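Here is the structure we will look at, set down as structure tokens.
Just so you know, all these numbers are worked out from the coordinates, no wet-lab data involved. The structure displayed is predicted, hence computed values, not measured ones. So basically every Cβ, Gly included, is an ideal-geometry build from the backbone, and we count neighbours across all protein chains shown.
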Ligand code: T4K
């Protein structure tokens with residue numbers, strides 16, 4: 001039986017050589033400055049602003065708190081239209097701001113929010129749209145902008161999966177009022193835990209810096225009800241080293257992706273959800289849709305079978321956020337209002353995807369999926 005000897009995980013963190021990290025830690029130790037806007041933080045913020053082509057960029061301790069405080073800074077109230085097919089953090093960032101998520105169904109190709117279904121959900125309480133560039137597939141940013149302009153809504157993108165990608169050459173963080181990036185260990189670019197907001201309106205910088213630092217506006221003044229969401233110097237220092245190797249990682253992932261595509265494109269009943277090989281996709285995830293009728297096995301059966309062969313995939317994003325128990329009374333969350341999302345959530349599988357995976361491993365995974373394995 002074809003099988004991996006060691007467990008193959010869905011991803012592995014991008015790790016610089018340990019000697020580089022040791023040097024960085026020594027530099028931080030010698031400086032005796034460990035957090036609160038130190039040298040590493042300032043430098044990483046500047047480098048990432050450049051790398052991501054952001055007008056303004058503020059760092060945070062993780063993507064969830066970046067999103068939560070970004071929403072707070074935009075002063076949203078009432079209802080926010082969002083997608084059910086995402087990681088819990090997208091919608092809990094709304095919950096924690098006292099906002100009501102209004103779930104909009106998704107499109108069956110990209111699995112992003114379906115722009116044609118947004119308008120009927122808008123009412124006098126709606127203040128924003130919060131789409132997610134799921135798996136790094138860019139949303140229909142033009143369609144979303146048209147609706148937002150028409151109803152004067154804010155747009156805040158959850159770009160947790162979209163580090164470094166572009167839409168027709170424009171950096172993805174330049175769309176909408178704000179975009180959140182996640183730098184979690186499992187992301188293409190990581191600071192162990194971390195995140196950032198990219199945004200157009202420079203007047204928000206001061207507010208966000210206060211919100212992530214307890215609302216403090218100087219030694220004797222607290223202006224806002226803030227939190228502690230600062231990225232520390234060790235995170236930022238590691239990030240500076242990871243940033244040096246991220247382009248190489250992207251190149252490797254492109255090769256891995258090409259190998260996956262050639263191994264899976266002719267398998268009946270398997271659709272590649274993240275097919276793009278240009279810079280419109282972030283090379284963050286490689287996800288497929290399994291059609292039981294055509295493929296002969298369900299997503300869950302394939303998941304179990306691959307696990308037996310030591311390949312540990314993920315059912316991102318199962319369960320749908322709209323099916324969380326605390327949205328029981330939220331009418332937009334009802335299954336009949338989200339038909340596409342409720343079908344797709346049982347079909348999607350995210351396969352192992354990271355630079356070190358190696359083409360031979362991809363070939364074996366493809367053979368296992370195409371049932372050609374011995
Ligand atoms: N919005 C969206 C759309 C998101 O997807 C996320 C996070 C957020 C917002 C929030 O951003 P952050 O606050 O996280 O910055 C992982 C990540 O924890 C999470 O960041 C990510 N999305 C989500 C999609 O994936 P899990 O529960 O799958 O993580 P875990 O620990 O099971 O890791 C997955 C695999 O990665 C493991 O099987 C092995 C490997 N791994 C993981 C870690 C942590 C390693 O090899 N080394 C490691 O250190 O959530």
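Placing a label point 7 Å from the Cα of residue 43 along the Cα-to-Cβ direction, the residues of region 231-259 with a backbone N closer than 20 Å are 231-248. I want to check the label-to-label distance for residue 15 and residue 268. Put each point 7 Å from Cα in the C-beta direction and report it in nm to one decimal. Placing both labels 7 Å along Cα→Cβ, they lie 4.3 nm apart. Adding -39500 (n - 2.57) for every DSSP H run of four residues or longer, then dividing by how many residues the chain holds, sets the calculated 222 nm ellipticity at -10500 deg cm²/dmol. Quick one: of the DSSP bridges fully inside the chain, what percent are antiparallel, nearest 5? Taking every DSSP beta bridge with both residues in the chain, the antiparallel ones total about 60 percent. Among 209, 228, 123, the largest mean-square fluctuation in a Gaussian network model of the chain (Cα springs under 10 Å) belongs to 123. Highest mean packing first, where packing is the average number of other Cβ atoms within 10 Å per residue, the peptides 233-243, 296-306, 100-110, 326-336 line up as 233-243, 100-110, 296-306, 326-336.
Could you give the distance between the Cα centres of region 341-365 and region 254-289, to the whole Å? Cα centroid of region 341-365 versus Cα centroid of region 254-289: 9 Å apart.
Ranked for footprinting exposure by Cβ neighbours inside 10 Å, fewest first, 287, 280 give 280, 287.
Considering only beta bridges that DSSP places wholly inside region 18-240, some 50 percent are antiparallel. Dividing the mean sequence gap of close Cα pairs (under 8 Å, 6+ apart) by how many residues region 18-240 holds gives a relative contact order of 28 percent. Taking 0.36 nm per residue of sequence separation and removing the Cα-Cα distance, the residue 343/residue 300 pair yields an extension gain of 14.1 nm. The ranking of 184, 161 from fewest to most other beta carbons within 10 Å of each one's beta carbon is 184, 161. Please work out whether the chain counts as rounded, prolate or oblate from its C-alpha gyration tensor, where a ≥ b ≥ c are the square roots of the eigenvalues and a/c under 1.5 means rounded, while otherwise a/b larger than b/c means prolate and anything else oblate? Judged from the Cα gyration tensor, the chain comes out oblate (a/c at least 1.5, b/c at or above a/b). Please find, in a Gaussian network model of the chain (springs between Cα atoms separated by less than 10 Å), the residue of 73, 196, 128 whose mean-square fluctuation is greatest. The residue that fluctuates most here is 73. The mean sequence separation of alpha-carbon pairs under 8 Å and at least six residues apart, normalised by the residue count of the chain, gives a relative contact order of 23 percent. Here each label is just a point 7 Å from Cα along the line to Cβ, and for residue 119 and residue 30 those points are 6.2 nm apart.
Put in order of Cβ neighbour count within 10 Å, fewest first, the listed residues 282, 361 become 361, 282. Label-to-label distance, residue 206 versus residue 278, with points set 7 angstrom from Cα along the beta-carbon direction: 4.2 nm.
Name the residue, out of 85, 214, 353, whose mean-square fluctuation peaks in a Gaussian network model built on the chain with Cα pairs under 10 Å. So, out of 85, 214, 353, the one fluctuating most is 214.
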